[in-house]
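Each remark here refers to the structure printed beneath this line.
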Amino acid sequence: MEADIRALLDLPIDPGTVKRTLGRSMFAKNLCYFGCVGSTNDVAKNLAASGAPEGTLIVAEEQTQGKGRLGRRWISPGYVNLLFSVLLRPNILPDRVFSLTMIAAIASADAIRTLSGVHAKIKWPNDIYVERRKLGGILTEFKASVEKVDYVVVGLGINVNWSPEDRDEVLYPATSILAETGRYSSRQDLLVQILKDLETDYKILMRGDVESFYKRWNELCCIRDRVVQVDMGEKELKGRVLRIDRDGALVIRKQGGEQERVLWGDVSVQWEV
Ligand code: BTN
């Protein structure tokens with residue numbers, strides 16, 4: 001029985017059904033589906049360079065060159081997780097691109113919670129966490145001139161129906177919806193729900209209403225009040241997280257009481273303190 005359920009849920013995503021379910025959504029207009037591809041972000045960037053429209057959606061069952069932040073690899077076996085990228089052409093300044101990662105994280109956390117009941121949170125700047133384990137990640141890449149964004153590619157990897165703790169290549173504590181609930185989930189339903197939530201939030205954001213998202217992002221932030229160490233390459237910083245600012249900066253109170261705003265870095269959390 002268990003094997004039957006697995007076989008059923010490891011079925012490929014059906015792009016036709018995704019399109020139909022999305023209806024008039026901006027993400028239903030140009031859907032590219034791959035069994036196996038290098039990286040959905042790379043495909044999206046190439047399509048963007050050749051003029052693909054906003055809303056172009058790239059979905060893959062498997063990636064051979066899956067990419068994470070800071071040059072890391074994104075590991076996922078085929079047909080068990082969600083791997084996709086969306087192409088956006090927002091009319092915003094380059095310093096606002098961060099807000100797109102933010103709404104993608106909110107949409108993912110909301111959709112995961114709605115469909116599976118798992119209380120997913122956001123670990124600044126781009127991770128989806130459950131308690132102390134990583135459930136997913138977002139890689140945002142963009143092309144812009146000084147005052148104009150040409151395109152933004154937002155790529156999402158979400159662990160759905162696999163057991164990441166069994167894999168030696170995964171270098172951080174990881175989890176999946178299966179590991180959290182003990183149940184297999186429909187990747188297709190999750191994909192559609194994330195895209196619907198993302199579209200709603202994107203339209204609100206493009207109307208200029210950023211305020212509600214900053215509030216929600218801080219509510220969902222799992223490292224608030226935690227002591228963190230931020231590796232910024234040339235410099236390391238330790239302190240307690242106070243909040244995330246409107247421009248996406250992580251605001252930290254250092255040991256001496258002084259505050260510092262961090263715009264970029266790799267965050268390690270001291271969960272116990
Ligand atoms: C991270 O946690 O550092 C971000 C991971 C992002 C992974 C996704 S999977 C789909 C898309 N294509 C990629 O190559 N990366 C993103």
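The values are calculated or read from the model by the stated rules, or taken from the named source; none is laboratory data. In this text the structure is predicted, and so the values were computed from the model without any measurement. Cβ placement follows ideal geometry from the backbone for every residue including glycine, while neighbour counts extend to all protein chains displayed. Remember, those area values only see protein heavy atoms, side chains included, never the ligands or the DNA or RNA. Shrake-Rupley method; radii C 1.70, N 1.55, O 1.52, S 1.80 Å.
Yes or no, residue by residue, for (1) open to solvent by 60 Å² or more (accessible area, probe 1.4 Å); (2) in contact with a strand residue (DSSP E or B) (Cβ under 6 Å, 6 or more places away or on another chain); (3) at pLDDT below 95; (4) in a strand (DSSP E or B):
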{"residue": "VAL192", "(1), (2), (3), (4)": "no, no, no, no"}
{"residue": "LYS196", "(1), (2), (3), (4)": "yes, no, no, no"}
{"residue": "LYS203", "(1), (2), (3), (4)": "yes, no, no, no"}
{"residue": "LYS215", "(1), (2), (3), (4)": "yes, no, yes, no"}
{"residue": "GLU234", "(1), (2), (3), (4)": "yes, no, yes, no"}
{"residue": "ARG253", "(1), (2), (3), (4)": "yes, yes, no, yes"}
{"residue": "GLY256", "(1), (2), (3), (4)": "yes, no, yes, no"}
{"residue": "SER268", "(1), (2), (3), (4)": "yes, yes, yes, yes"}
{"residue": "GLU272", "(1), (2), (3), (4)": "yes, no, yes, no"}
(message) When you scan region 211-233, do you find a residue that is touching a Pro at 6+ places or on another chain (Cβ under 9 Å) and under 21 Å from TRP124 (Cα atoms), even just one?
(response) no
(message) Within region 113-139, take every residue that is β-branched (Val, Ile, Thr) and more than 19 Å from SER185 (Cα to Cα) and give me the one that is farthest from the ligand (Cβ to nearest atom).
(response) ILE122
(message) I need the full set of residues from region 49-72 which are loosely packed, with under 14 Cβ neighbours inside 10 Å, within 9 Å of the ligand (Cβ to nearest atom) and either without any contact (Cβ under 8 Å) to a residue 12 or more places away in the chain or not in a loop (DSSP other than H, G, I, E, B) (or both), in order please.
(response) LEU70
(request) Return the residue satisfying two criteria in turn: it lies in region 140-159 and is in contact (Cβ under 8 Å) with a residue 60 or more places away in the chain and surrounded by fewer than 22 Cβ atoms within 10 Å (Cβ to Cβ), and of such residues it is nearest to the ligand (Cβ to nearest atom). (result) GLU141
(request) Being in a strand (DSSP E or B) and either at pLDDT 95 or above or closer than 24 Å to ARG207 by Cβ (or both) narrows it down to one of ILE112, ILE92, ILE128, ILE106, so name that one. (result) ILE128
(message) List the residue pairs whose Cβ atoms are under 7 Å apart, where the first residue sits in region 27-39 and is closer than 11 Å to GLY78 by Cα, the second is open to solvent by 50 Å² or more (accessible area, probe 1.4 Å) and not aromatic (Phe, Trp, Tyr), and the two are 6 or more positions apart or on different chains.
(response) GLY35/GLU62; CYS36/GLU62; CYS36/THR64
(request) Can you tell me which residue among ILE92, ILE103 is touching a strand residue (DSSP E or B) at 6+ places or on another chain (Cβ under 8 Å), among the aliphatic types (A, V, I, L, M) and in contact (Cβ under 8 Å) with a residue 12 or more places away in the chain? (result) ILE92
(message) Being more than 12 Å from the ligand (Cβ to nearest atom) and hydrophobic (A, V, I, L, M, F, W, C) narrows it down to one residue among PHE84, PHE98; which is it?
(response) PHE98
